[in-house]
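*Asks:* The structure that follows is given in the form of structure tokens.
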Amino acid sequence: MGSALVVHALDGRGARLGLYVGQPLANARAMVQPLTVIASDEKADGALLENITDWCDRFTPLVSLDPPYGLYLDITGAAHLFGGEAAMLREVTQKMTAQGFTVRAAIAGTSLCARALARFAHGTIVPPGKEASAVAPLPLAALDCDDKNLRALRHAGLKTIGAVADRLHSELSERLGAGFVTRLKIILGAEEKPLTPRRALPDLMAERRFPEPVVTQDAITATLQALAESLSEILERQGRGARLLEAVFFRADGKVDRIAVKTGEGLRDAAVMLRLLRQRLDALADPLDAGFGFDLIRLEAVLAEDINPATISFDANENARQQIGFLIDRLSVRFGDHRVQRFVAQDTHIPEAAGVAVPAQDDFGPQNWALKRLPGDPPRRPLRLLERPEPISVLASIPHGPPKRFRWRQCVQNVVHIEGPERIALEWWKEISWNRLVPTLGETEKQKKERAEKPRPVRNYFRAETESGMRFWLFRDEHQTGWYMHGLFA
Amino acid sequence: MARYGLPPDRPAIPLGHPQADSILGGGLRPGALHEVFAGGWSASGFAALLAIRAAGAKPLFWVRPDFEGQEYGAVSPSGLLELGGDPRQLILVRTRKCDDALAAANDILACGHVGALLLEIRGQPRSLDLVASRRLSLAAGESGASAILLRQSAAAQPSTALTRWQVTSAPSRDDDEDWGNPRFDARLVRHRTGGLGHFLMQWDSEHAVFQQAHPGAVAAAPLHRPADPQIAHAV
């Protein structure tokens, strides 16, 4: 249809007037005057659907998106919490209707069966094993297959799902493809395809529902404490510890807030959990807004790992390691885990890449740091590396020779000792752009292209000591032929 | 009156420089706050070396607000290794503001298993006042972790630090083949439990200790009066 405008969605009145989705807009306008048209915004629709999914998290943690306007809730083992399937279906529908949505819902043993029923027989609850008979009277459209297959089925004189199901599957597979048959089997309840949950399922969780939403800080804290205690009990029983905790606050008006806390090692102490959570809550940029109150608070151990009993010991070293681990956890919670870092050795010559700063909570294997200096020699690498090498202007006694004097940050430095060069070339097997390593401010496109064609740049590093005793690490870029300040020795 | 608020007695950590150790009463006192005022870029390394010395085999926490990194460069683990430190011990905490850095420092000092804390603060932030410094001193005294406060581009303010050092980097001797070892002109300008001093110290990266440096061509500053009266006389 090219760029023609098409009806994307319509309300009940529009549907009753005979308009349909996919109809050219000009066509619809010709049929109905006046017609209110609102430009579709698929992104906003998607975001809304995701928000609804988050909201549905209160019924079961396994919620899956079915764009553009569907949701699957896996309520296996959850229905009894709401007084049975019928009561749960009623509650879901009522609560969503109250928020102004038009809802169609059904409960069935398989996802696609429930989907077909929700669309064509709202409110159905299929008892286990009765999927095939429940969907049998539904029209072909409930199969939701592509136009070609739909036409083929119509030509064959089939009008309901039941009629299609009666045909031999091998026959259908021949004519309509294996995918169609798989889909049909799921609709009939004979097979199941696992849902892809929108969020990873937590390993363990504890939650508390409130008939009256809670608003006060005290009530929230008390709830968190109770949840932390029951979660820690489960963890204790299973011999596991939480690596990633998430407190989920379901606000009565549908907003869902999640507070995540990462820990360096398996955690099962309720008091520590509570302290980390409270610290996180205190550190929030915009504090948790209870609004009209929370009607459900849940504490999830999103990630739980086995705690090896052998690691719990009375060894003083072990205790120290644990205490430092907790300290790192606390700092990470308070300032963000990217701000509390440890260094991991890298096998590279490039000075700025030699040690990569990673969150200190993460676990990494044994480290192998290689000394650059010979025993007894002065340091060959500076204690401080500038975040970007800074250009310096240089006066040398011979052209391209080591500098006698240079100016850096408006100060002139007279060089007394200098040693070099130590050649460091970009490793040819790596894809890192050297441009990131050498400042290229104010470079024209042409210069950039020229430099890209040149061979890989090489830095010649020099150690220099000035009159006043300052020790610097300088380099000359072989191709740019400029001098840069890169580091400061102690 | 001078004894009030002194840290509990713990075995001192010898720096390795005989004269300095004898004035300090055996070495750097753990569980106390030590201030280093660095003149120049290289001199700030002195604080890192004190921290390496004080940390021993325990973790070394380096806390700095973000802008310190832009101005003075990022901490390089390879550089620490070259100086005889162990990058595996190093935990870097970068904070957004000076207040956060102080809060982090207090948290860290509260943990008895921390070896040393190096807190790097540039200039004279309002939040680093006498109260903040007393808090650091108390936390360090309680846990036994050493707190090294590195001040750059700053003048001394009233504080509860046990020692205050004013350090500039010293040039290597002209005839030194192995020039380039960390060498400092360090003045002990405040010491709550003993005398002051002025030392020329060289760092031995191999053994991670200070040594007495042979003066060579360095013109020694007069010992009979403080080099920077302003810093020496702040309470």
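The values are calculated or read from the model by the stated rules, or taken from the named source; none is laboratory data. Small disclaimer: the values here were computed from a predicted structure and weren't measured. All Cβ positions, even for glycine, are placed from backbone atoms using ideal geometry, and neighbour counts span all protein chains on display.
*Asks:* Which members of the range B:96-121 meet the condition of being more than 9 Å from chain A (Cβ to nearest Cβ), in contact with a strand residue (DSSP E or B) (Cβ under 7 Å, 6 or more places away or on another chain) and crowded, with 18+ Cβ neighbours inside 10 Å?
*Replies:* If the condition is that a residue be more than 9 Å from chain A (Cβ to nearest Cβ), in contact with a strand residue (DSSP E or B) (Cβ under 7 Å, 6 or more places away or on another chain) and crowded, with 18+ Cβ neighbours inside 10 Å, then B:C98, B:A101, B:A105, B:L109, B:G115, B:A116, B:L117, B:L118, B:L119, B:E120, B:I121 are the ones that fit.
*Asks:* Hey, another quick one. If we keep just the residues of the range A:376-401 that are surrounded by 13 or more Cβ atoms within 10 Å (Cβ to Cβ) and more than 14 Å from chain B (Cβ to nearest Cβ), which is farthest from B:S42 (Cα to Cα)?
*Replies:* Applying the filter and picking the extreme gives A:A396.
*Asks:* Return the only residue of B:S169, B:S127 being within 14 Å of the chain's Cα centre (by Cα) and modelled with pLDDT of 90 or more.
*Replies:* Answer to the check: B:S169.
*Asks:* If B:W62 meets every condition in (1) more than 29 Å from A:L386 (Cβ to Cβ); (2) without any contact (Cβ under 8 Å) to a residue 60 or more places away in the chain apart from one, which number is that one?
*Replies:* The one condition B:W62 does not meet is (1).
*Asks:* Still on this model: Any idea which of B:R164, B:R187 is farther than 25 Å from A:E467 by Cα and in a strand (DSSP E or B)?
*Replies:* It is B:R164.
*Asks:* Answer with yes or no whether B:A147 is modelled with pLDDT of 95 or more, away from chain A (no Cβ under 12 Å), on the phi < 0 side of the Ramachandran plot and not in a helix (DSSP H, G or I).
*Replies:* yes
*Asks:* Limited to the range A:471-485, what total is found for residues that are surrounded by fewer than 20 Cβ atoms within 10 Å (Cβ to Cβ) and at negative phi?
*Replies:* Counting residues in the range A:471-485 that are surrounded by fewer than 20 Cβ atoms within 10 Å (Cβ to Cβ) and at negative phi gives 5.
*Asks:* Restricting to the range B:153-170, what's the tally of residues that are more than 16 Å from B:P182 (Cβ to Cβ) and crowded, with 20+ Cβ neighbours inside 10 Å?
*Replies:* 8
*Asks:* Considering A:P194, A:P137, A:P202, which residue is modelled with pLDDT of 90 or more and either closer than 21 Å to A:S64 by Cβ or part of a loop (DSSP other than H, G, I, E, B) (or both)?
*Replies:* Selected residue: A:P137, the only one of A:P194, A:P137, A:P202 that is modelled with pLDDT of 90 or more and either closer than 21 Å to A:S64 by Cβ or part of a loop (DSSP other than H, G, I, E, B) (or both).
*Asks:* Among residues belonging to the range A:205-252 that are in a strand (DSSP E or B) and among the small types (G, A, S), point out the one that is nearest to A:L281 (Cα to Cα).
*Replies:* A:A247
*Asks:* Here is a further query. I'd like to check something: does the range A:306-314 contain any residue that is within 30 Å of A:A285 (Cα to Cα), among the β-branched types (V, I, T) and either buried (at least 16 other Cβ atoms within 10 Å of the Cβ) or modelled with pLDDT of 85 or more (or both)?
*Replies:* no
*Asks:* Further question on the same structure: Kindly indicate whether A:R119 is touching a residue at least 40 places away in the same chain (Cβ under 8 Å), part of a helix (DSSP H, G or I) and among the basic types (K, R).
*Replies:* Criteria not met by A:R119.
*Asks:* Can you tell me which residue is farthest from the chain's Cα centre (by Cα) among those in the range A:402-414 that are part of a strand (DSSP E or B) and away from every other protein chain (no Cβ under 11 Å)?
*Replies:* A:K404
*Asks:* Continuing with this model, one more query. What's the number of the only condition in (1) modelled with pLDDT of 85 or more; (2) small (G, A, S); (3) not assigned by TED's automatic domain parsing to the domain that holds A:A106 that A:S64 fails to meet?
*Replies:* Every listed condition holds for A:S64 apart from (3).
*Asks:* Of all the residues that make up the range A:70-112, how many are in contact (Cβ under 8 Å) with a residue 60 or more places away in the chain and touching a Leu at 6+ places or on another chain (Cβ under 7 Å)?
*Replies:* The number of residues fulfilling the criteria is 4.
*Asks:* Quick one: in the range B:45-72, of everything that is facing another protein chain (nearest Cβ under 7 Å) and surrounded by fewer than 24 Cβ atoms within 10 Å (Cβ to Cβ), which residue is farthest from B:W203 (Cα to Cα)?
*Replies:* Residue satisfying both the conditions and the ranking: B:Q70.
*Asks:* Continuing with the same structure: Just need a number here: residues in the range A:21-55 that are under 30 Å from A:L195 (Cα atoms) and part of a loop (DSSP other than H, G, I, E, B).
*Replies:* 4
*Asks:* Name every residue in the range A:366-388 that is under 21 Å from B:P171 (Cα atoms) and in a loop (DSSP other than H, G, I, E, B), in order of residue number.
*Replies:* A:R373, A:G376, A:D377, A:P378, A:P379, A:R380, A:R381, A:P382, A:L383
*Asks:* Do you know which of the residues in the range A:277-305 that are part of a helix (DSSP H, G or I) and in contact with a Lys or Arg (Cβ under 7 Å, 6 or more places away or on another chain) is farthest from A:L48 (Cα to Cα)?
*Replies:* A:Q279
*Asks:* Here is a follow-up. For the range A:343-375, what are the residues that are at the interface with another protein chain (Cβ under 10 Å from one of its Cβ atoms), buried (at least 18 other Cβ atoms within 10 Å of the Cβ) and of a type outside the set (A, V, I, L, M, F, W, C)?
*Replies:* Of everything in the range A:343-375, those that are at the interface with another protein chain (Cβ under 10 Å from one of its Cβ atoms), buried (at least 18 other Cβ atoms within 10 Å of the Cβ) and of a type outside the set (A, V, I, L, M, F, W, C) turn out to be A:P351, A:E352, A:G355.
*Asks:* Okay, moving on. Would you pick out the residues in the range A:140-158 that are more than 19 Å from A:L112 (Cα to Cα) and either aromatic (F, W, Y) or outside any helix (DSSP H, G or I) (or both)?
*Replies:* Of everything in the range A:140-158, those that are more than 19 Å from A:L112 (Cα to Cα) and either aromatic (F, W, Y) or outside any helix (DSSP H, G or I) (or both) turn out to be A:A156, A:G157, A:L158.
*Asks:* A further question on this structure: State yes or no: is A:E419 of a type in the set (D, E), within 12 Å of another protein chain (Cβ to nearest Cβ) and over 18 Å from B:G180 (Cβ atoms)?
*Replies:* So A:E419 fails the test.
*Asks:* May I pose another question? Tell me which of these A:D347 doesn't satisfy, since it passes every other one: (1) more than 30 Å from A:A370 (Cβ to Cβ); (2) free of Cβ contacts under 8 Å to residues at least 12 places away in the same chain.
*Replies:* Condition (1) is where A:D347 drops out.
*Asks:* Among the residues in the range B:86-95, are any more than 9 Å from chain A (Cβ to nearest Cβ), surrounded by fewer than 24 Cβ atoms within 10 Å (Cβ to Cβ) and in contact with a helix residue (DSSP H, G or I) (Cβ under 7 Å, 6 or more places away or on another chain)?
*Replies:* Looking for residues that are more than 9 Å from chain A (Cβ to nearest Cβ), surrounded by fewer than 24 Cβ atoms within 10 Å (Cβ to Cβ) and in contact with a helix residue (DSSP H, G or I) (Cβ under 7 Å, 6 or more places away or on another chain), one finds at least one in the range B:86-95, hence yes.
*Asks:* Scan (1) within 14 Å of chain A (Cβ to nearest Cβ); (2) within 25 Å of B:A132 (Cα to Cα); (3) touching a Leu at 6+ places or on another chain (Cβ under 6 Å) for the single condition B:V167 breaks and write down its number.
*Replies:* Result: B:V167 passes all but (3).
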